[in-house]
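The values are calculated or read from the model by the stated rules, or taken from the named source; none is laboratory data. Worth saying up front: this structure is predicted, and the values here are computed from it rather than measured. Cβ sites come from the backbone with ideal geometry, for glycine too, and all protein chains shown count toward neighbours.
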Amino acid sequence: MTERPFPIPDRDTAPFWEGARRGELRIQRCAACGRHVFYPRAVCPHCMSDRLDWVRASGRGTVHTFTVVHRTTDEFSADLPFPVGLVDLEEGIRMMARLDVREPVVGMPVEVFFERVDDQLSLPHFKEVEE
Ligand SMILES: [Zn+2]
C-alpha cells in the first residue's frame, strides 16, 4: 500500500495545523468586517481586508451534505467505505472533513475531534454530538 498523502503547512495554513496539533479548530476572523473566514488565506473574501486574526472555533456544526466514498486511490482503500461531509460550523463557515458517523444525515449536529497522525500532524474529523 502507498503511504497516505498529508497536508504540508504553508504561510497561510500553518496556524490552522498548529491548532489541530493542539486539539483546537482554528479559523480566521476578519478584524475589519467581523466575519469568519475558511479556508485560510491572506485577504478577507468579504471586504478584501488583510487584517485576518486566528480564533478558536467552537468545533460544533451541522452536516450540510455528505457522500460515502466507496472507491478511492490505494492510499485510502483500507478505510473504505467512509463518509466525507460539508459541515456548517456555528461561526457561519463551511468546511469539508471526514465524518466518523455510521449513518450521516443532512442537518445532523456534529462536533470536531482530531485524528493524531504523528507528533506534528493531526487531522480534523467530525462525529455525531452525544445527546
Ligand atoms: Zn472582512
Residues of the range 31-44 satisfying the condition of being exposed (fewer than 12 other Cβ atoms within 10 Å of the Cβ) and within 20 Å of the chain's Cα centre (by Cα):
Ala42
Test for Pro83: is it in contact with a Phe, Trp or Tyr (Cβ under 8 Å, 6 or more places away or on another chain), more than 16 Å from the ligand (Cβ to nearest atom) and free of Cβ contacts under 8 Å to residues at least 40 places away in the same chain:
yes
Glu91: modelled with pLDDT of 95 or more, among the charged types (D, E, K, R) and within 16 Å of the ligand (Cβ to nearest atom), yes or no?
yes
Of all residues being buried (at least 16 other Cβ atoms within 10 Å of the Cβ) and assigned to a loop (DSSP other than H, G, I, E, B) in the range 77-95, which is nearest to the chain's Cα centre (by Cα)? Just the residue, please.
Ile93
Please identify the pairs in which a residue from the range 44-59 that is free of Cβ contacts under 8 Å to residues at least 12 places away in the same chain has its Cβ atom under 8 Å from the Cβ atom of a residue that is surrounded by 12 or more Cβ atoms within 10 Å (Cβ to Cβ), counting only partners at least 6 apart or on another chain.
Pro45/Val37; Asp50/Val43; Asp50/Cys44
Tell me, yes or no, whether the range 21-41 has at least one residue that is free of Cβ contacts under 8 Å to residues at least 24 places away in the same chain and part of a strand (DSSP E or B).
yes
